[in-house]
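The structure under discussion appears below in the form of structure tokens.
Derivation of every value follows stated rules applied to the coordinates shown; laboratory data play no part. Keep in mind that this is a model prediction, so the values were computed, not measured. Note that we place each Cβ from the backbone using ideal geometry, even for glycine, and neighbour counts take in every protein chain shown.
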Amino acid sequence: MIYVGPAGWSYKDWYGTVYPSPKPKNFDELAYIARYFDTVEVNSSFYAPIRAAQTSAWIERTAHNPRFLFTAKLLGRFTHARDADWTREEIDSVLEPLQPLRDAGKLGALLAQFPWSFRRTAENRAWLARLADEFTGLPLVVEIRHASWNTPGFFASLRERGIGFVNIDQPPTTGIGPTDRATAPVAYIRLHGRNLDSWFRDDASVNERYDYLYTADELEPWRDRALHLQRESEQVFVITNNHFEGRAVANGVMLKARIEGAPAPAPPTLFDAYPQVLEGLATPS
């Protein structure tokens, strides 16, 4: 099964492009996203621990879509703050809020997203191995961006431990290029956009980095990779991370349509923002 969805759902600049504007009374952004997609990647869990009450509420808010699954970013402490070993309390701060999702069968993957600076050294290999030990039993997937990890031994170690490899689209750098590797029952794709000028610029805003709209031609190879991964794994998650002004939603709808072979439902407001790319691939719903 292939699950397509955006990274995150709470963005002010989505009103008027993804969500209706002005914001309707009691409008539920997450429930709205679950009308059009079967997954979403939780971003807030990267910046601070989330709470079990939150994840329980998320399950209720997406109950109208029985297929809906969540993926969640691992707390950035484990991937970006590697100067000191983690504590038991930090491990528990990740595991406890995920338990309601696990109990309900709603946790699709736990994403450990490492930065481009995380290169294949002995120290970093040891860090990753300890991380895998801590989260054994969870559907862990690992995003590695630097090309130094592109070795048969690394992929073999992921397969041995049942850890999924995250196939990414990113600006052309010395990072890992586009792939379609399945190393576990859960396969994963993340599309970041291709803004090379802003990708490593220190003064670039988040919006500048992720302000990218894929064309249908650019998405076609990723549709093929998703279908390949479908044959190699049990579940495939395709996440669009180019979130600026709802571009991730437009590209997610386009990918879903190409994967399923039929126009996909889309928020009516999206057609006003992106009429050319959605033509023939989406229907307002």
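List of remarks:
- Each residue, E90 and S10, gets one label point 7 Å from its Cα in the Cβ direction; the gap between the two is 2.3 nm.
- Within region 2-284, percent of DSSP bridges classed antiparallel, to nearest 5: 5 percent
- Sorted by Cβ neighbour density within 10 Å, fewest at the top, the residues R231, R51, R161: R231, R51, R161
- Sites excluded, chymotrypsin sites (Phe, Trp or Tyr not before Pro) in DSSP loops with at most 13 other C-beta within 10 Å, longest stretch of the chain: 28-199
- Calculated FRET value between V206 and N65, using beta carbons and R₀ = 41 Å, to 0.05: 0.90
- Sorting V18, V94, V206 by the number of Cβ atoms found within 10 Å of their own Cβ, with the fewest placed first, yields V206, V94, V18.
- About its Cα centre, the dipole of region 2-284 is roughly 320 debye, where the only charges are +1 on Lys and Arg Cβ and -1 on Asp and Glu Cβ.
- Once the Cβ-Cβ distance of R159 and A126 is raised to the sixth power relative to R0 = 25 Å, the FRET efficiency obtained is 0.85.
- Distances between placed amide hydrogens fall under 5 Å for A266 paired with T283, S285, all partners being 5 or more residues away or on another chain.
- Of the residues A204, N167, F271, the one whose Cα sits farthest towards the positive end of the charge dipole of region 151-272 is N167 (charges of +1 on Lys and Arg Cβ, -1 on Asp and Glu Cβ, taken about the Cα centre).
- In order through region 234-241: 3J(HN,Hα) via Karplus (6.51 cos²θ - 1.76 cosθ + 1.60), integer Hz, x for Gly, Pro: 8, 9, 10, 10, 10, 10, 9, 10
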